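Every number in this text was worked out from the coordinates using simple rules, so none of it is lab data. All figures in this text were calculated on a predicted structure; none of them were measured in a lab. Neighbour counts run over all protein chains shown; Cβ positions are idealised from the backbone, glycine included.
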């Protein structure tokens, strides 16, 4: 695969790892899209998150990453407590090892099998987000959008994955409804 083919086609990138994994599914012009339909898409996602030098984009890693994505979707989009068992099942394949480095105390993730690495890291990141600010984990408010984001706005009122896309669509829809009534 050439570098040109490795461009990330997703409309929203750069979210924390757990949400970025969820955002490998999106809707474009009414049609569902999925970056992780094969190992080429996995390579794009690993590269976008700086994991391509640590993990292979192979069938086993793809299978485990898809399992983590399903578990995270259940946990994030479900009712409180839903998905916990599925996320825990992913987390069972790794652990944090305390270390001492030249810079002081540290932590290093270890995995049963390296192919679980990206999946485990995404599940672990979800725990970090829950600890940091669980109420800031959001799904875009536009009814046709399936993307997720971590609200880092000062007052915590972000509603859209992108104001330029989903926010603008909602405003245009409201404007059209008002002008149609009048």
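One table, with the values for the structure above:
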item: Unmet criterion (only one of (1) exposed (fewer than 13 other Cβ atoms within 10 Å of the Cβ); (2) without any contact (Cβ under 8 Å) to a residue 40 or more places away in the chain; (3) over 20 Å from residue 93 (Cβ atoms)) for residue 59; result: (3)
item: Residue 36 being in contact (Cβ under 8 Å) with a residue 40 or more places away in the chain and closer than 23 Å to residue 166 by Cβ; result: no
item: Filtered residues of segment 1-19 (kept if touching a strand residue (DSSP E or B) at 6+ places or on another chain (Cβ under 9 Å) and free of Cβ contacts under 8 Å to residues at least 40 places away in the same chain); result: 9, 10
item: Number of the exception - residue 29 against (1) without any contact (Cβ under 8 Å) to a residue 60 or more places away in the chain; (2) out of contact with any helix residue (DSSP H, G or I) (no Cβ under 8 Å at 6 or more places or on another chain); (3) under 21 Å from residue 127 (Cα atoms); result: (3)
item: Some residue of segment 120-139 being in a loop (DSSP other than H, G, I, E, B), more than 20 Å from residue 80 (Cα to Cα) and in contact with a strand residue (DSSP E or B) (Cβ under 9 Å, 6 or more places away or on another chain); result: no
item: Residue within segment 84-98 that is out of contact with any helix residue (DSSP H, G or I) (no Cβ under 7 Å at 6 or more places or on another chain), exposed (fewer than 13 other Cβ atoms within 10 Å of the Cβ) and farther than 16 Å from residue 124 by Cα present; result: no
item: Segment 68-98: number of residues that are in contact with a strand residue (DSSP E or B) (Cβ under 9 Å, 6 or more places away or on another chain) and more than 18 Å from residue 22 (Cβ to Cβ); result: 6
item: Every residue from segment 108-136 that is touching a helix residue (DSSP H, G or I) at 6+ places or on another chain (Cβ under 6 Å) and without any contact (Cβ under 8 Å) to a residue 40 or more places away in the chain; result: 111
item: Filter result for the condition that a residue is over 18 Å from the mean Cα position of the chain (by Cα) and closer than 20 Å to residue 10 by Cα, over 143, 110, 85; result: 143
item: Those residues of segment 22-52 which are touching a strand residue (DSSP E or B) at 6+ places or on another chain (Cβ under 9 Å) and assigned to a strand (DSSP E or B), in sequence order; result: 25, 26, 27, 32, 33, 34
item: Residue check for residue 73: in a helix (DSSP H, G or I), more than 26 Å from residue 107 (Cα to Cα) and out of contact with any helix residue (DSSP H, G or I) (no Cβ under 7 Å at 6 or more places or on another chain); result: no
